[in-house]
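Here it is, the structure, as structure tokens.
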Amino acid sequence: MCTAGKVIKCKAAIAWEPNKPLSIEEVEVAPPKAHEVRVKIISSGVCGSDHSALHEKIPAKFPAILGHEGVGVVESVGEEVTKVKPGDKVIPLFVPECGSCRSCKTPDCNLCEKFDFGSSTQFGLMQDGTSRFTCKGKSIYNYAGTSTFSEYTVVSDICIAKVDANAPPEVCLIGCGFATGYGAAINTAKVTKGSTCAVFGLGGVGFSAIAGCKDAGASRIIGVGSHKDKFPKAIQVGATECVSPKDYDKPIHEVICGMTNGGVDFAIECAGRIETMMTALQCTFCANGITVILGVASPKDTLPLNPGLLLTGRSLKGSVFGGYKCDDITQLVQDYMNKKINLDHLISKKLKLNEINEAFELIQQGTGVRSIVIF
Ligand code: NAP
Ligand code: ZN
Ligand code: ZN
């Protein structure tokens with residue numbers, strides 16, 4: 001039965017309010033308007049940012065359908081959509097690419113001006129300021145413009161990448177965690193051959209950063225995390241050794257500086273904690289160490305930064321979505337299809353939509369790497 005132009009009723013996980021479990025509800029998903037695409041979701045990873053949004057550490061509007069790491073198939077398109085057509089396999093993008101703003105026109109920059117940090121009145125809504133989701137007569141906000149915890153979602157045509165038709169459900173990870181961590185090593189830090197790296201926070205983003213450091217040719221990659229049961233897997237992905245701050249009486253940056261003749265060349269922070277960001281900076285070599293922050297802290301948080309740490313030659317930077325633009329995502333999926341990159345080690349659990357709260361509990365405990373929901 002053709003559903004184009006009609007409202008679709010389907011299941012979605014709704015966050016009615018912060019700090020409460022998601023509830024599986026029947027929602028109505030309106031047809032896409034001009035420059036919008038309705039997508040049938042195949043799978044979605046559950047990212048640390050979804051957990052932070054639910055727990056109000058980063059901006060979200062409620063009630064919302066969270067989720068921003070999915071892959072799906074185009075069900076229908078609104079007027080003036082030329083980029084994709086019904087039946088195309090796609091990855092919704094939480095970082096848009098309008099193609100005409102300063103960032104989009106700058107080769108080394110992916111932060112399109114349409115990216116919404118959560119401060120605009122339109123945040124959680126489509127570009128025209130309205131929602132495509134309703135449930136029990138209430139309008140529901142989207143999250144990150146993607147809302148992949150729904151059997152169907154509507155995204156803007158500047159927030160979509162067409163990918164290989166045969167790509168399996170696992171490629172959903174390229175929609176956030178993998179691209180973020182891997183790209184941070186390759187594009188942002190520009191990790192060099194033979195270098196020494198430290199990666200803080202052994203979740204989906206951290207594991208992907210380790211994979212990026214390995215593929216960039218780093219000779220030593222130290223995984224830093226507090227859950228030792230994840231260490232063997234981190235080593236499988238590319239870490240050469242792992243350390244837990246819990247095993248030492250002195251600060252872990254001192255331990256790492258001691259292990260590396262004065263500090264690592266590159267540190268990548270993937271935990272989203274102010275303390276870890278400072279530790280990452282402090283464990284880099286004073287003369288030229290580069291620290292990349294990926295973890296998302298609350299907008300209210302500030303870094304207690306002594307300028308002397310930078311004065312001697314260290315650099316501190318960050319990136320969103322690993323610096324990748326839309327076409328790079330199509331290519332990353334191709335790289336997975338050609339076995340140049342591996343996503344399988346990152347997946348610690350596969351769940352059904354009605355089990356999604358388990359994925360949030362695993363993030364809370366810090367014990368899993370990445371859970372993915374298979375629709
Ligand atoms: P995750 O699955 O929650 O993993 C983060 C890991 O960091 C945890 O597994 C835990 O591992 C460690 N950790 C987290 N909170 C901690 C705490 N309170 N105390 C000690 N250790 C803690 O998250 P993720 O999806 O990998 O994402 C990592 C960070 O990147 C998050 O802040 C997320 O919001 C952010 N993010 C940023 C972007 C971007 O574009 N920049 C994109 C995606 C995600 P160990 O205990 O083993 O270290
Ligand atoms: Zn994410
Ligand atoms: Zn743009």
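The values are calculated or read from the model by the stated rules, or taken from the named source; none is laboratory data. This is a predicted model, so every value here is computed, not measured. Heads up, the Cβs are rebuilt from the backbone with ideal geometry, glycines too, and the neighbour counts pull from every protein chain shown. Surface accessibility is based on the protein's heavy atoms, side chains included, excluding ligands, DNA and RNA. Shrake-Rupley method; radii C 1.70, N 1.55, O 1.52, S 1.80 Å.
Considering only DSSP states other than H, G, I, E and B, which trypsin sites (Lys or Arg not before Pro) in the range 165-240 qualify as loop sites with at most 15 other Cβ atoms within 10 Å? Before the final figure, lay out the partial values.
On the way: sites: Lys190, Lys193, Lys214, Arg220, Lys228, Lys230, Lys233; in loops: Lys190, Lys193.
Taking the range 165-240 and a limit of 15 other Cβ atoms within 10 Å, the loop trypsin sites (Lys or Arg not before Pro) found are Lys190, Lys193.
If you place +1 on the Cβ of every Lys and Arg, -1 on the Cβ of every Asp and Glu, and leave all else neutral, what size is the dipole of the chain about its Cα centre, to the nearest 20 Debye?
So the magnitude is around 160 debye.
Using a/c under 1.5 as the rounded threshold, could you call the range 4-63 rounded, prolate or oblate? The axes a ≥ b ≥ c are square roots of the C-alpha gyration tensor eigenvalues, and prolate needs a/b larger than b/c, oblate otherwise.
Cα axes put the range 4-63 in the prolate bin.
Still on this model: Rounded if a/c is under 1.5, else prolate if a/b beats b/c, else oblate: with a ≥ b ≥ c from the C-alpha gyration tensor eigenvalues square-rooted, which is the range 261-313?
Because a/c hits 1.5 or more and a/b fails to exceed b/c, the range 261-313 counts as oblate.
Put +1 on the Cβ of each Lys and Arg and -1 on the Cβ of each Asp and Glu in the range 178-319; which of Cys283, Ala189, Tyr248 then has its Cα farthest toward the positive end of the dipole?
It is Ala189.
For Asn357 and Glu241 in one chain, what is 0.36 nm times their gap in residues minus the Cα-Cα distance, to one decimal in nm?
So the extension gain works out to 38.6 nm.
In addition: Can you pick out the pairs among Lys233/Lys300; Lys83/Lys193; Lys9/Lys325; Lys57/Lys136; Lys33/Lys162 whose Cα atoms lie more than 29 Å from each other?
Details: Lys233/Lys300 34 Å; Lys83/Lys193 37 Å; Lys9/Lys325 32 Å; Lys57/Lys136 27 Å; Lys33/Lys162 19 Å.
Beyond 29 Å: Lys233/Lys300; Lys83/Lys193; Lys9/Lys325.
Stretched out fully, how many nm does the piece from Cys2 to Lys349 gain, at 0.36 nm a residue minus the Cα gap?
Length gained between Cys2 and Lys349: 121.5 nm.
Can I ask one more? Compute the relative contact order of the chain as a whole-number percentage, counting only Cα pairs closer than 8 Å that sit 6 or more residues apart in sequence.
This gives 18 percent for the chain.
Need one number: nm distance between label points at Ala287 and Glu275, each 7 Å from Cα along Cα→Cβ, rounded to one decimal.
3.3
Test of understanding: extend the Cα→C-beta vector of Asn342 to 7 Å, then name every residue of the range 183-204 with backbone N under 19 Å from that spot.
Taking a point 7 Å out along Cα→Cβ of Asn342, the residues of the range 183-204 whose backbone N falls under 19 Å are 183, 185-186, 199, 202-204.
Could you tell me which of Ala64, Pro18, Pro31 has its Cα farthest along the dipole of the range 5-146 towards the positive end, charges placed at Cβ (Lys, Arg +1; Asp, Glu -1), taken about the Cα centre?
Farthest towards the positive end: Pro31.
Let me ask you something else. Based on the Cβ-Cβ distance from Thr130 to Asp249, what FRET efficiency comes out when R0 is 51 Å, to the nearest 0.05? Working shown, then result.
Working: r = 56 Å, r/R0 = 1.11.
That pair, Thr130 with Asp249, gives E of 0.35.
If eta is 0.890 mPa s and T is 25 °C, what Stokes-Einstein diffusion coefficient results for the chain, Kirkwood Rh from Cα pairs, in µm²/s?
118
So, one more: Per residue of the chain, what 222 nm ellipticity follows from adding -39500 (n - 2.57) for every DSSP H run with n ≥ 4, rounded to the nearest 500?
On the way: 10 runs with 80 residues, N = 375.
Estimated from H runs of four or more residues: -5500 deg cm²/dmol.
How do the peptides 145-158, 247-260, 51-64 rank, highest first, by the average count of neighbouring beta carbon atoms within 10 Å per residue?
Peptide ranking by packing, descending: 145-158, 51-64, 247-260.
Also, I was wondering about something else. Rounded, prolate or oblate, given the Cα gyration tensor of the range 75-176, with a/c below 1.5 counting as rounded?
Because a/c hits 1.5 or more and a/b fails to exceed b/c, the range 75-176 counts as oblate.
Quick one: how many Å² of Cys286 are accessible to a 1.4 Å probe, rounded to 10?
60
Quote the convex hull volume per residue of the range 178-319, based on C-alpha atoms, as a whole number of Å³.
99
Counting other Cβ atoms within 10 Å, which chymotrypsin sites (Phe, Trp or Tyr not before Pro) in the range 34-129 have at most 13 and lie in a DSSP loop? Write down the numbers at each step before the final one.
Working: sites: Phe94, Phe115, Phe117, Phe123; in loops: Phe94, Phe115, Phe117, Phe123.
Counting only loop positions with at most 13 other Cβ atoms within 10 Å, the chymotrypsin sites (Phe, Trp or Tyr not before Pro) in the range 34-129 are Phe117.
Give the relative contact order (percent, whole number) for the range 195-286; include only Cα pairs under 8 Å separated by 6+ residues.
34
Separate question: Could you name the aspartates and glutamates in cross-link range of Lys340, using Cα to Cα under 16 Å and dropping any fewer than eight places away on the same chain?
Answer for Lys340, where 16 Å is the Cα cut-off: Asp164, Glu170, Asp215, Asp328, listed by chain and number.
So how far apart, in nm, are the two label points at Arg102 and Thr302 if each is 7 Å from Cα heading toward Cβ?
About 2.5 nm, to one decimal.
About the Cα centre, and with charges only on the beta carbon of Lys, Arg (+1) and Asp, Glu (-1), how big is the dipole of the range 178-319? Nearest 20 debye, please.
220
Among the DSSP beta bridges whose two residues both lie in the chain, what percent are antiparallel, rounded to the nearest 5?
Taking every DSSP beta bridge with both residues in the chain, the antiparallel ones total about 55 percent.
Oh, and also: HN-Hα J couplings of the range 8-13 from phi, Karplus 6.51/-1.76/1.60, θ = phi - 60°, integer Hz, Gly and Pro as x?
Each residue of the range 8-13 in turn: 9, 9, 7, 8, 8, 8 Hz.
Ser371: net charge of surrounding residues, Cβ under 10 Å, Lys/Arg +1, Asp/Glu -1, itself excluded?
Working: positive: Lys349, Lys350, Arg370; negative: Glu355, Glu358, Glu361.
Surrounding charge for Ser371 is 0.
So, one more: Quick one: ranking Arg314, Arg38 by accessible area, 1.4 Å probe, largest first, what do you get?
Arg314, Arg38
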